[in-house]
Amino acid sequence: MHVLERIESVARSDHVYRGRWAPHPGAPPRAVAITLDGRPWVIYHDQSGGGWVAALTDSSGAPDPDSALWLPFVKEEAEIPLTWWRHLHQGTRALPAMWHGQPPPAAAPPPTLASAIPASPQTAGGGEQPGRTPGDLVIVANRLPVHCADPGSGPVHWHPSPGGLASALRPVVQDPRAVWVGWPGQAGPVRSPLPVDGVTMAAVPLDSADVQDYYNGFSNGTLWPLYHDIAARPEYNDRWWSRYVAVNERFAAATTDCAAPHATVWIHDYHLQLVPALLRARRPDLTIGFFSHIPFPPRDLFAQLPWREKILRGILGADLVGFQRHSDVENFTRSCRDFSCRAISVLPTPSGQTRALRPIEADAGSGESISSEVRIGAFPISIDFALFDRRSRQRGTRTRAQRTRELLGSPTTVLLGVDRLDYTKGILHRLQAFEELLARGDLDPDRTVLVQVAVPSRDRIPDYRTHAEQVAAVVGRINGTHATAGHPVVHYTHRQHSSAELTALYLAADVLLVTSLRDGMNLVAKEYVASRHDEQGALVLSEFAGAADELTAAYLVNPHDPQGLRGTIHRAATSSVAERRRRMRILRQQVRTHTAHDWATEFLDTLRSVRGPTCSLPIAVASPL
């Protein structure tokens with residue numbers, strides 16, 4: 001592929017492509033035009049200097065020589081665009097202001113967390129086993145950071161996956177020694193995608209029965225409602241469980257093939273709770289971390305799960321188990337004490353961060369006890385604050401936010417909800433509270449608008465379809481009662497929105513409503529705070545969302561209390577400019593000083609400290625099956 005075509009392909013996948021530039025009409029294209037940080041760039045080959053250059057453009061679209069930046073070389077020309085992207089996405093701070101005369105020497109890639117992972121003996125020696133892509137850091141998650149669009153009879157197309165996990169972990173795995181193992185989102189066989197944004201990926205295929213029983217069934221029909229305080233009734237189905245076991249074994253096998261000797265493996269979320277122990281049995285040399293992005297239920301709820309001991313034994317195959325909140329740590333610890341088939345002794349630990357459990361089990365062969373220490377701690381996930389702050393300051397975003405308010409009828413107050421269309425998010429509770437505020441006259445329907453973004457989610461699961469119908473019905477009822485011609489009081493969208501669209505909405509909204517009935521974290525709350533560079537906007541935040549532990553300056557609310565929810569929304573919507581600024585400054589400082597990079601660094605540093613020289617021997621852990 002020609003280099004310009006490769007640059008265009010990367011630009012399109014990153015949604016920064018603007019077209020190609022030619023010196024005059026009819027001439028062949030000589031540059032790819034992109035937009036980064038709201039500024040127009042062109043990337044072209046400088047004939048006189050013999051190197052590649054990025055430059056801002058003048059009013060005609062031609063490159064401005066005074067802004068030209070030589071782009072660093074790497075080993076292979078085909079790799080150049082990915083390296084450029086890392087620099088340019090960080091802005092020109094990563095490059096000198098100008099290089100004259102000759103191209104610069106090769107530039108090292110920006111530091112990543114994976115760079116801190118010690119090289120394994122295999123990769124340190126420079127040798128690799130044929131047919132394998134060994135990684136010193138392996139991320140294992142249900143989904144890859146890209147998903148496969150339905151190719152039909154044509155070529156496979158990959159698109160970035162939405163969601164906080166991919167965004168939070170992308171900086172971690174942008175390293176040649178890191179691999180991401182996951183499902184590409186399309187039932188049936190599929191090849192692993194080529195590296196995207198420097199991320200090497202290994203695809204785990206799922207067929208339609210896997211998707212139905214492992215994903216829609218056990219993961220989201222059993223575990224999801226149970227772990228969210230039975231927001232819907234969980235179903236306990238033996239067929240679903242068997243498929244869950246089989247898919248977890250498949251993920252463990254794929255990880256075994258990807259992990260270099262003594263590699264660090266970081267497993268994510270409730271879909272893969274058996275993988276730590278399965279992997280430990282296959283590869284005792286590995287350092288294994290497990291992180292749950294959703295809540296862990298109280299002991300009395302977890303007790304309902306027929307396979308509770310097997311789930312616990314699966315998780316306890318890890319060296320470090322992380323949760324979003326300290327309350328989840330307490331719930332998990334108590335369940336381990338009560339339901340694990342092994343005795344659990346709680347060890348004293350230094351102040352605060354993690355506690356240690358020592359699972360003790362009898363070795364049937366020798367009669368001896370073999371114990372291993374598993375650390376458990378709270379590691380609240382976060383976002384890339386600088387990205388949202390920078391994007392919200394761009395002229396295009398500010399213009400789009402202003403245009404959004406105009407399209408809404410220039411109301412005095414804009415309320416906003418941004419959620420997956422999930423019954424745990426409390427969308428119905430918020431709509432009903434808003435409806436009551438309008439009916440009581442506390443909010444004026446002629447001057448107030450609620451924008452509800454409901455991203456489609458798991459629409460093949462009956463409970464989700466029912467919930468979607470209920471939400472649509474309440475939206476229709478509110479508009480039928482309070483809307484006027486050309487002025488709906490609730491603007492409801494049921495689609496995925498781009499990051500640029502969401503940032504403009506965050507900037508346009510006076511109040512963000514996060515009314516989750518139960519939530520691991522809720523990164524939307526943090527995205528809203530990071531986007532309010534104007535130090536305006538009010539955040540109404542459920543105390544049952546993990547973000548409430550950190551964002552204490554928000555308007556915290558119990559969404560199960562109708563009167564309290566109405567009062568809190570009204571107070572936030574009518575608060576003074578000074579009050580909003582006071583609260584938002586505190587919120588922004590919290591999110592600014594605890595980013596996604598900090599979260600990943602903290603977890604990986606703790607994981608490395610767990611398996612030190614005194615913990616280097618293989619650890620005997622029984623199979624969870």
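Computed from the coordinates by the stated procedures, all read-outs in this text should not be read as laboratory data. Small disclaimer: the values here were computed from a predicted structure and weren't measured. No Cβ is skipped: glycine too gets one built from the backbone with ideal geometry, and neighbour counts run over all protein chains shown.
Some notes on this structure:
- Residues whose amide H comes within less than 5 Å of that of W183, counting only those at least five positions distant or on another chain, are R143, L144, V204 (H built at 1.01 Å from N in the peptide plane).
- Computed about its Cα centre, the charge dipole of segment 379-506 is approximately 540 debye, with only Lys, Arg, Asp and Glu carrying charge at their Cβ.
- Amide hydrogen proximity for W266: with H placed 1.01 Å from N in the peptide plane, the residues at 5 or more positions away or on another chain lying under 5 Å are V138, I139, V140, G289.
- For segment 322-337, putting each phi into the Karplus relation 6.51 cos²θ - 1.76 cosθ + 1.60 with θ = phi - 60° gives couplings of x, 10, 6, 10, 5, 5, 5, 4, 5, 4, 5, 4, 5, 5, 4, 5 Hz, in residue order, rounded to whole numbers and with x for Gly and Pro.
- Take the Cα of T574, step 7 Å toward its Cβ, do the same at D229, and the gap between the two points is 2.8 nm.
- Applying 0.36 nm per residue to the separation of T552 and S208 and subtracting their alpha-carbon distance, the gain on full extension is 119.5 nm.
- Take the Cα of E602, go 7 Å toward its beta carbon, and the backbone nitrogen atoms of segment 551-569 under 13 Å from that spot belong to 551.
- Residues in segment 515-549 reached by a label modelled at H497 [backbone nitrogen below 11 Å; 7 Å Cα→Cβ]: 528
- Sequence-ordered 3J(HN,Hα) estimates for segment 518-523 from the Karplus curve with 6.51, -1.76 and 1.60 and θ = phi - 60° stand at 6, 8, x, 9, 6, 6 Hz, glycine and proline given as x.
- Debye, to nearest 20: dipole size of segment 385-594, +1 on Lys, Arg Cβ, -1 on Asp, Glu Cβ: 760
- Distance from the C-alpha centroid of segment 435-485 to that of segment 203-246: 30 Å, rounded to the whole angstrom.
- Between A386 and D300, the contour length at 0.36 nm per residue exceeds the alpha carbon distance by 26.8 nm.
- For peptides 551-563, 251-263, sequence by mean Cβ density within 10 Å, most packed first: 251-263, 551-563
- Subtracting the Cα-Cα distance of D561 and E373 from their residue separation scaled by 0.36 nm leaves 63.5 nm.
- Put simply, the amide H of A68, placed in the peptide plane, has no neighbours under 5 Å, leaving out anything fewer than 5 places away on its chain.
- Applied to segment 427-442, the Karplus parametrisation 6.51 cos²θ - 1.76 cosθ + 1.60 on θ = phi - 60° returns per-residue 3J(HN,Hα) values of 5, 4, 4, 5, 5, 5, 5, 5, 4, 5, 5, 5, 5, 7, x, 6 Hz, with x for Gly and Pro.
- Residues of segment 487-517 with amide N under 16 Å of a point placed 7 Å along Cα→Cβ from R447: 510-511
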